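Bear in mind these aren't lab numbers, they're just calculated from the coordinates by the rules spelled out. This one's a predicted model, so the numbers in the text were calculated from it and none came from an experiment. Virtual Cβ from ideal backbone geometry, glycine too; neighbours counted across all protein chains shown.
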Amino acid sequence: MPVETKPAPQRRRLTVKPTLLGDRIFFGITTGTAYFSIVLVVLVLIFLMIRAWPAFQHEGIGFITGSKWDDSVQPMIMQIFPMLYGSILLAILGVILAVPMAIALAYLIEFLAPKPIARVVTLLVDLLAALPSVVIGLWGLFVFSPVAEGWAKLLNHYLGWLPLFANTSGNFSRSPFIAGWIVAVMIVPIITSVTREIFSQMDRDLINAAKALGGSMASTFTKVILPTASGGIVGGTLLGLGRALGETVAIFFVLNLSFDINWADLTEARGGSIASMILGKLGNASDYERSGLMAAGVVLFITTLLINFLAGYIVNRAQPWRK
Amino acid sequence: MTQLITPQAHLRSEDINVWFGERHVLSDVNLTFPENQVTALIGPSGCGKSTFIRTLNRMHELIPGAGLSGAVLLDGQDIYGDGVNPVDVRIKIGMVFQKPNPFPTMSIKENILSGLKLSGRKVTNADELVETSLRRASIWNEVKDRLNEPAISLSGGQQQRLCIARSLAMEPQVLLMDEPCSALDPGSTRRIEETIEEISESMTIVIVTHNMQQAQRVSQQTAFFLAEDGNPGTVVEFGATEDVFNRPIDPRTNDYVNGHFG
């Protein structure tokens, strides 16, 4: 007797794509827009790469590791390490100054302040984010710099034995210290708003549990609220860091750009910033120098992109209980 | 309303009234909680029993706009008295919440020790304290090999027993439980009821519950709360659990415990 085999079950066709005309149009528009943003980023990168190619080709890896920018020779030498390093130093300084401010603000808004005051503070912080970079730059130059110079002198006077605050030139203006503060002012809003969001989504029962176990305001904050929110705060901080790296005009006003690398003498009037350097040199650059500036843009672009990826990764990894 | 005459009042509420803003939600609650007994608070939703239990360890005042009159006496001392620190009150009077809420960033062991750290007390012989607390909440055997794993890796019922253990580690004199089993399956519920029976030998327990059978199984005395037609909630009947369920004095109690409303 032949063995009868049961035929394999036949799979049915399931509807996954929209069928209604209206849905199809909506689907088309949303996917189109989504893909367009990706295409745009890639196109920008390609454009920059093409324009930057001559500089990359000529300088090689020295473009990002070397420290010399000289247009008195032919062809000119273009190496941006002090600018790249300066950008990162400023971003880190800005984050160190901004994170405590942002956490304090978010805590005030979410947990301490009565509703009307919380609303006003939120509005003010958001307004800070809306201020044009150039306005903050002018304020930094005319109002803030003289004040911050005083702080720098004070730090140098009392903590000058620390390499960080040593100052041999006696010139305290246009230093990374001042520019770091300006960066901090510009990234406080984004970090505050992310942190506030994380705080507001926190399970109030966790806070109640901490209080019911005899937690004080301070211990509840440091032992329960902060650890639970840390992943989100790190994410917000890295978003701020990304923004800090690209900060251009405001820093241009308050920082003295120098290819004589400044590792950590925060109060000396020498610093670096890729974005500000591009702004400063683009106006009267030769074609070849222009390609060098484009190359600097590529480096900045990739650095920022890496930081954003890192942000996404850390936020996902740091909060396993959210899954 | 009947008053239960008890030999020793461990915890007592005297004329407790509660407001949220202008809204009067609880009126003249006088209850006595004798030492090492379990008191069940029952009543339909919105009758103020959860609000009341929060007045017993000053968690109530953390809600913006909350108001209160009356007194809560622990061993004769008003916990709302001048110069009494709410933090000290909460150390003596522990609380377990409706939804299990272990700290997600901490391991099982760290959760047990969290109260000591939060209240800034020194942790001596931590391992011993962790084991005793987990044993008293009868969860030790299930977690003894994974003390350093995250607390949220436990099941819901285990998390709730961990939360009980976390409160017990503070060695409170009174334990307040706000519907501790409402989010749990019958098996976990039974185990928590066994735990309540065991720990009530050494501490006073107040439990809010919507489960009539649970109230009858675990408690020695029961208070029935009711809020009628927009009036603030109040205690309609208070007495020995057996009397409240089998020989209620007030007809409204009779209706409620027999499932006619609520």
Extreme residue, positive dipole direction of the protein assembly as shown, given options B:PRO102, A:VAL41, A:ILE314 (C-beta unit charges):
A:VAL41
Can you give the mean number of other chain Cβ atoms that lie within 10 Å of the Cβ atoms in peptide B:97-104?
5
Residue by residue, what Karplus-based ³J(HN,Hα) values in Hz, rounded to whole numbers, does region A:53-64 have, using 6.51, -1.76 and 1.60 with θ = phi - 60° and x for Gly and Pro?
3, x, 5, 4, 4, 6, 8, x, 5, x, 4, 9
Local electrostatic count at A:ALA218 - Lys and Arg +1, Asp and Glu -1, tallied over other residues with Cβ under 14 Å
+3
Treating only the Cβ of Lys, Arg, Asp and Glu as charged (+1, +1, -1, -1), what charge dipole size does the protein assembly as shown show about its Cα centre? Round to the nearest 20 debye.
1800 debye
Scan around B:GLU237 for amide H atoms under 5 Å from its own, H built in the peptide plane at 1.01 Å from N, and keep only partners 5 or more places away or cross-chain.
B:PHE224
Convert 20 °C to kelvin, take the viscosity as 1.002 mPa s, use the Kirkwood radius over C-alpha pairs of the protein assembly as shown as Rh, and evaluate the Stokes-Einstein diffusion coefficient in µm²/s, rounded to a whole number.
74 µm²/s
Express the Stokes-Einstein translational diffusion coefficient of region B:188-262 in µm² s⁻¹, to the nearest whole number, given a Kirkwood radius over alpha-carbon pairs, 20 °C and a viscosity of 1.002 mPa s.
160 µm²/s
Chain B: angle of helix B:156-168 to the longest principal axis, Cα-based, in degrees nearest 10
90 degrees
Based on the mean of other beta carbon atoms within 10 Å per residue, what is the order of A:31-44, A:105-118, most packed first?
A:105-118, A:31-44
Charge dipole (the protein assembly as shown, unit charges on Cβ, about Cα centre) - positive-most of A:LEU138, B:SER155, A:GLY215:
A:LEU138
What number in nm² do you get for region A:96-203 if you take the convex hull of its Cα atoms and divide its surface by four?
8.4 nm²
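Would you kindly give the portion of the calculated P(r) for region B:86-186 that falls above 21 Å, as a percent of all Cα pairs?
26 percent
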How high is the relative contact order of region A:156-273, in percent, counting Cα pairs under 8 Å that sit 6 or more residues apart?
48 percent
Taking only the alpha carbons of chain A, the radius of gyration and the largest Cα-Cα distance, Dmax, both in angstrom, are 25.7, 104
Report the residue, chosen from B:SER114, B:SER200, B:SER153, that carries the largest GNM mean-square fluctuation when chain B is represented by alpha-carbon nodes joined by springs under 10 Å.
B:SER153
Mind checking the angle between helix B:126-136 and chain B's longest principal axis? C-alpha axes, 0 to 90 degrees, to the nearest 10.
40 degrees
What is the angle, in °, between the Cα long axis of helix B:108-118 and the longest principal axis of the Cα atoms in chain B? Nearest 10 is fine, range 0 to 90.
70 degrees
For region A:224-292, what class follows from the C-alpha gyration tensor (a ≥ b ≥ c being the square roots of its eigenvalues): rounded when a/c is under 1.5, otherwise prolate if a/b is larger than b/c, else oblate?
prolate
Using label points projected 7 Å from each Cα along Cα→Cβ, tell me how many nm separate B:ASP229 and A:ALA166, to one decimal.
8.6 nm
Simple Cβ-charge dipole of region A:196-323, Lys/Arg +1 and Asp/Glu -1, about Cα centre, in debye nearest 20:
620 debye
Cα-centre dipole for chain B with unit charges at Cβ (Lys and Arg positive, Asp and Glu negative), debye to 20
740 debye
Most mobile of B:VAL38, B:VAL206, B:VAL236 per a Gaussian network model of chain B (Cα springs, under 10 Å)?
B:VAL236
Return one quarter of the surface area of the convex hull spanned by the alpha-carbon atoms of region B:152-219, equal to its mean projected area, in nm².
4.4 nm²
Give me the net charge of B:GLU194's neighbourhood, meaning all other residues with Cβ under 12 Å from the Cβ of B:GLU194; Lys, Arg count +1, Asp, Glu -1.
+2
Can you give the % of DSSP beta bridges in chain B that are antiparallel, to the nearest 5?
60 percent
When B:HIS10, B:HIS24 are ordered from fewest to most other Cβ atoms inside 10 Å of their Cβ, what list results?
B:HIS24, B:HIS10
Fraction of beta bridges assigned by DSSP in the protein assembly as shown that are antiparallel (%, nearest 5)
60 percent
Rounded to two decimals, the Rg over Rh value of chain B from Cα coordinates and the Kirkwood Rh reads 0.97
If I take every Cα pair under 8 Å that is 6 or more residues apart in chain A, average their sequence separation and divide by the length, what percent do I get for the relative contact order?
27 percent
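So which chymotrypsin sites (Phe, Trp or Tyr not before Pro) in region B:170-262 are both in a DSSP loop and have at most 14 other Cβ atoms within 10 Å of their Cβ?
Answer by residue number: B:PHE261.
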If each K or R counts +1 and each D or E counts -1, the residues other than B:MET203 whose Cβ falls under 14 Å of its Cβ total -4
Taking Rh as the Kirkwood radius, which is the inverse of the mean 1/r over Cα pairs, what is the Rg/Rh value for region A:21-70?
1.39
Could you run the Karplus curve 6.51 cos²θ - 1.76 cosθ + 1.60 with θ = phi - 60° over region A:128-137 and give me ³J(HN,Hα) per residue in whole Hz, x for Gly and Pro?
4, 5, 7, 5, x, 3, 5, 5, 5, x
Contact order normalised by residue count of chain B, Cα under 8 Å, 6+ apart, percent
28 percent
Cut-off is 10 Å between beta-carbons; in what order do A:GLU247, B:GLU198, B:GLU131 appear when sorted fewest neighbours first?
B:GLU198, B:GLU131, A:GLU247
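Hey, got the average number of other protein chain Cβ atoms within 10 angstrom for residues in A:200-212?
Details: counts 0, 0, 0, 3, 2, 5, 6, 2, 6, 15, 7, 9, 21.
Going residue by residue through A:200-212 and averaging, the value is 6.
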List every residue whose amide H lies under 5 Å from the amide H of B:VAL208, counting only residues 5 or more places away in sequence or on a different chain, with H placed 1.01 Å from N in the peptide plane.
B:LEU41, B:MET177, B:ASP178, B:GLU179
Which of A:PRO189, A:PRO18, A:PRO75 moves most in a GNM of chain A, Cα contacts under 10 Å?
A:PRO18
Honestly region B:111-255 on the Cα gyration tensor test (a ≥ b ≥ c root eigenvalues; a/c under 1.5 rounded, otherwise a/b vs b/c for prolate or oblate) is just prolate
